[in-house]
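A quick write-up on the structure given underneath.
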Amino acid sequence: LRRNPGEAEFHQAVREIFDSLGPVLDKNPQYVEAAVLSRICEPERQIIFRVPWVDDEGRVRINRGFRVEYSSVLGPYKGGLRFHPSVYLGTIRFLGFEQIFKNALTGMPIGGAKGGSDFDPHDASEGEVMRFCQSFMTELYRHLGEHTDVPAGDIGVGSREIGFLFGQYKRITNRHESGVLTGKGLTWGGSLVRTEATGYGTIFFVQRMLATNGKSLDGLRVTVSGSGNVAIYAIEKAQDLGATVVACSDSSGYVVDEKGIDVALLKQIKEVERGRISEYADRRDSATFHSDGSIWEVPVDVAVPCATQNELNGQAAATLIRNGVVAVAEGANMPCTPEAVHSFQHAGVIVAPGKASNAGGVATSALEMQQNAARDSWDFDATEARLQQIMADIHDRCIETAEEYGHPGDYVMGANIAGFTKVADAVIAMGVV
Ligand code: NDP
């Protein structure tokens, strides 16, 4: 805390892991002797840089860029880039810290990192986004490489931004090094299913979690917050599996559609036109737009927060519980506050923590890296089947670990302990480095 003052989200993420580790440290005194906890909390490297660019009016603009290379014990640094005006070092450190354990849980050989900038792509023209991405990569490229550090997308960074970033990397280095970024376009090294992977993976996790508890998604009412990459594909897969998604949102408000979200219309507005969620209600008779209140007031069986950190607080949790929610799965990173998680668990609601339930995105990025290394591309069905198997394995690892450490059915404990022990053992094996 003393070393990182004012980084509330980072402190929250560390506390959440530490709260789970009591039984692990009792069983494994070597982790304490080797000071594994303090070593894991300190990133291997943090890069902060100036990003100068010129806007459409010819004015010079300055943003701040970040890359926190947290841990490379399991593989090259891996984690997305976030472009959002709220980004500061604490955001990237919290996301990078979470990423270490998430990546460990996937079972793939990838370390943990995160990066981004306080740049806001919402307000920028396509040309401005391109010039910003080129400037960002002009500094960042020297730290990247397929065996070193492999970024991907996150909030505000989708396939358009990855294209501009990859183009500049290729130009500067004179190398078409496909494995240096993931989330690429399908004709230049991207993987089928990567776009869908985080949302689909979250719902595969929910499906298995409900089945373990004798339930099924078929016929359930679901809310998915957000309407970005993760949310859209979570909605699509939940409805494919028989659920009705009755609400989704963006930062301006939420829509309720009792007939179930029309995914084709949502994609048209959000992916093609880059519009606002209110336009969905303007174009669909069964939908209403709400700029006040909370999306969590809509009564549902399953809540899937897929927008941003701390979007679902204790009060929202109390409302969902009162309305009969049975399961919550984090599609976003740390969307539920600690109070919300505690209330859900106290009320017997099953909670899937993001580092387990949203790990399908980074796992499929690792599959993209495998295809790049082999100069290969796999078909959709086979890649989706791999994703489904990976999510089942993560789910089962969480459940088995929670059971082994005396907390049966507690996915939060299971995910934290399984991710931590894998990283801690590797840290010790490599000595004091
Ligand atoms: P996108 O930028 O595609 O979408 C983000 C969505 O969340 C938008 O609808 C956005 O609304 C909304 N949102 C963002 N910030 C806020 C805010 N402060 N308040 C209210 N709404 C907000 O991002 P992704 O879908 O990629 O990411 C969503 C979450 O999932 C993040 O937590 C991310 O870290 C996590 N995640 C993403 C992965 C991926 O593969 N993309 C992998 C694993 C986790 P608006 O457009 O109005 O800002």
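Structure summary
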{"read-out": "Counted residues, the range 126-159 - those being part of a loop (DSSP other than H, G, I, E, B), open to solvent by 20 Å² or more (accessible area, probe 1.4 Å) and away from the ligand (no atom under 16 Å from the Cβ)", "value": "3"}
{"read-out": "Wholly enclosed helices (runs of 4 or more DSSP H) of the range 273-356 bearing at least 2 residues of a type in the set (D, E)", "value": "278-282"}
{"read-out": "Residue in the range 46-65 that is within 22 Å of G414 (Cα to Cα) and among the polar types (S, T, N, Q) present", "value": "no"}
{"read-out": "Failed item in (1) in a helix (DSSP H, G or I); (2) away from the ligand (no atom under 15 Å from the Cβ); (3) open to solvent by 60 Å² or more (accessible area, probe 1.4 Å), with D218 passing the rest", "value": "(1)"}
{"read-out": "Qualifying residues in the range 287-322 (those that are without any contact (Cβ under 8 Å) to a residue 60 or more places away in the chain and within 21 Å of I203 (Cα to Cα)) - the one farthest from the ligand (Cβ to nearest atom)", "value": "I321"}
{"read-out": "Count of residues meeting criterion [in a helix (DSSP H, G or I), within 13 Å of the ligand (Cβ to nearest atom) and open to solvent by 10 Å² or more (accessible area, probe 1.4 Å)] in the range 80-98", "value": "0"}
{"read-out": "Subset of the range 176-190 [within 12 Å of the ligand (Cβ to nearest atom) and of a type in the set (S, T, N, Q)]", "value": "T182"}
{"read-out": "Those residues of the range 343-375 which are touching a helix residue (DSSP H, G or I) at 6+ places or on another chain (Cβ under 8 Å) and open to solvent by 50 Å² or more (accessible area, probe 1.4 Å), in sequence order", "value": "Q345, A347, A373"}
{"read-out": "Top-ranked residue in the range 165-179 [being within 19 Å of F132 (Cβ to Cβ) and of a type outside the set (S, T, Y); ranked as surrounded by the most Cβ atoms within 10 Å (Cβ to Cβ)]", "value": "L165"}
{"read-out": "Selection status of N28, surrounded by fewer than 23 Cβ atoms within 10 Å (Cβ to Cβ), of a type outside the set (K, R), within 23 Å of G158 (Cβ to Cβ) and out of contact with any helix residue (DSSP H, G or I) (no Cβ under 6 Å at 6 or more places or on another chain)", "value": "no"}
{"read-out": "Candidates R284, R276 - the one that is open to solvent by 20 Å² or more (accessible area, probe 1.4 Å), farther than 25 Å from V206 by Cα, touching an Asp or Glu at 6+ places or on another chain (Cβ under 7 Å) and away from the ligand (no atom under 16 Å from the Cβ)", "value": "R284"}
{"read-out": "Filter pass, Y233 being modelled with pLDDT of 95 or more, of a type in the set (F, W, Y), in a strand (DSSP E or B) and within 16 Å of the ligand (Cβ to nearest atom)", "value": "no"}
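The values are calculated or read from the model by the stated rules, or taken from the named source; none is laboratory data. Just so you know, these numbers come straight off a predicted model, no measurement behind them. In this analysis, Cβ positions are derived from the backbone assuming ideal geometry, glycine residues included, and neighbour counts consider all displayed protein chains. Accessible surface is based on the protein model in full, side chains and every heavy atom, while ligands, DNA and RNA are left aside. Shrake-Rupley method; radii C 1.70, N 1.55, O 1.52, S 1.80 Å.
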